[in-house]
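Following: one structure in structure tokens, then a few remarks.
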Amino acid sequence: MPHPALVFDFGNVVAFFDYARACEAIGRPRGLDGSSLLETARRAGLAEPLLAFESGRMGSEQFCRAASRLLGVDLPVDEFAAAWADIFWPNESIVPLIRALADNGHRLILGSNTNPLHSNHFRRQFAETLALFDHLVLSFEVGHVKPAPEFFLACAEAAGAPPADCVFIDDLPENVEGARQAGLIGVHYVDTPTLAADLRALGIPVPSSPR
Ligand SMILES: [Mg+2]
């Protein structure tokens, strides 16, 4: 495997995110605490509409209405959508590594469980970094969410490489395991120095302090 394709998860790998940010923005003007709002919504079953949204079975407007109801707030869809989308901040440490891998000629794929609200937002917010990627494989577009094998196979197909020639990097152990089950090489992202060491162990040259 001299020159594998590299598939990066987005959330908590390329950029960090926290739903509590959205809940703070929604709750603050109403005198509500963001973390408790999120906890309430989670207990009320937020995971279900979120999964439907990220697998492409639910549209943005329907999701906003469902999530807004679970949070117990009555917000115009546009306002809810804007707050819900703004949850990301950059993982500064990983950008130079991604750039070095692109410079070395690796095919780079983004493989993200996401939805139209988040991906429209993060594609603008991280346009410069995402321009280094050859393809973006987004769950709501391919109709499968990680850790379903179909998702990982869609990433290999986007890379134009057999699964065994693709390295899948994700912060969630179940996704790393899913990638391995689908025949890709799974790497668990903990932090950027560990990732650099893990890639070197796979025979992928990574500069010691990429910039
Ligand atoms: Mg992630």
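The values are calculated or read from the model by the stated rules, or taken from the named source; none is laboratory data. Nothing here was measured: the structure is a model prediction, and the numbers come from that model. Note that each Cβ is placed from the backbone with ideal geometry, even for glycine, and that neighbours are counted across all protein chains shown.
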- Task: Could you list, in sequence order, all residues of the stretch 187-197 that are without any contact (Cβ under 8 Å) to a residue 40 or more places away in the chain and either surrounded by 20 or more Cβ atoms within 10 Å (Cβ to Cβ) or not assigned by TED's automatic domain parsing to the domain that holds Ala156 (or both)?
- Result: Val187
- Item | Positions within the stretch 173-207 being touching a Phe, Trp or Tyr at 6+ places or on another chain (Cβ under 9 Å) and aliphatic (A, V, I, L, M), in sequence order | Val176, Ala179, Ala182, Leu184, Ile185, Val187, Leu195
- In the stretch 1-20, which residues are in contact with a helix residue (DSSP H, G or I) (Cβ under 9 Å, 6 or more places away or on another chain) and among the hydrophobic types (A, V, I, L, M, F, W, C)? Met1, Ala5, Leu6, Val7, Phe8, Phe10, Val13, Val14, Ala15, Phe17, Ala20
- Note on the structure: Of the listed residues (Ala85, Ala100), the one being within 19 Å of Leu6 (Cα to Cα) and surrounded by 14 or more Cβ atoms within 10 Å (Cβ to Cβ) is Ala100
- Task: Taking Ser93 as the residue in question, decide whether it is more than 15 Å from the ligand (Cβ to nearest atom) and crowded, with 18+ Cβ neighbours inside 10 Å.
- Result: no
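One line per residue, one yes/no per condition, for (1) buried (at least 20 other Cβ atoms within 10 Å of the Cβ); (2) more than 16 Å from the ligand (Cβ to nearest atom); (3) without any contact (Cβ under 8 Å) to a residue 60 or more places away in the chain; (4) within 13 Å of Leu110 (Cα to Cα):
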{"site": "Leu132", "(1), (2), (3), (4)": "no, yes, yes, yes"}
{"site": "His135", "(1), (2), (3), (4)": "no, yes, yes, yes"}
{"site": "Phe140", "(1), (2), (3), (4)": "yes, no, no, no"}
{"site": "Glu150", "(1), (2), (3), (4)": "no, yes, yes, no"}
{"site": "Cys155", "(1), (2), (3), (4)": "yes, no, no, yes"}
{"site": "Ala158", "(1), (2), (3), (4)": "yes, yes, yes, yes"}
{"site": "Pro163", "(1), (2), (3), (4)": "yes, yes, yes, no"}
{"site": "Phe168", "(1), (2), (3), (4)": "yes, no, no, yes"}
{"site": "Pro173", "(1), (2), (3), (4)": "no, no, yes, no"}
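Being closer than 30 Å to Glu150 by Cβ, assigned to a strand (DSSP E or B) and assigned by TED's automatic domain parsing to the domain that holds Phe152 narrows it down to one residue among Gly111, Gly105; which is it? Walk me through it before giving the result.
Values: Gly105 fails: assigned to a strand (DSSP E or B).
From the options Gly111, Gly105, the qualifying one is Gly111.
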- Query: Can you name the condition, by its number, that Val77 falls short on among (1) under 29 Å from Ala182 (Cα atoms); (2) in contact with an Asp or Glu (Cβ under 6 Å, 6 or more places away or on another chain)?
  - Reply: (1)
- Query: What is the residue count in the stretch 25-51 for residues that are free of Cβ contacts under 8 Å to residues at least 12 places away in the same chain and either away from the ligand (no atom under 16 Å from the Cβ) or of a type in the set (S, T, N, Q) (or both)?
  - Reply: 9
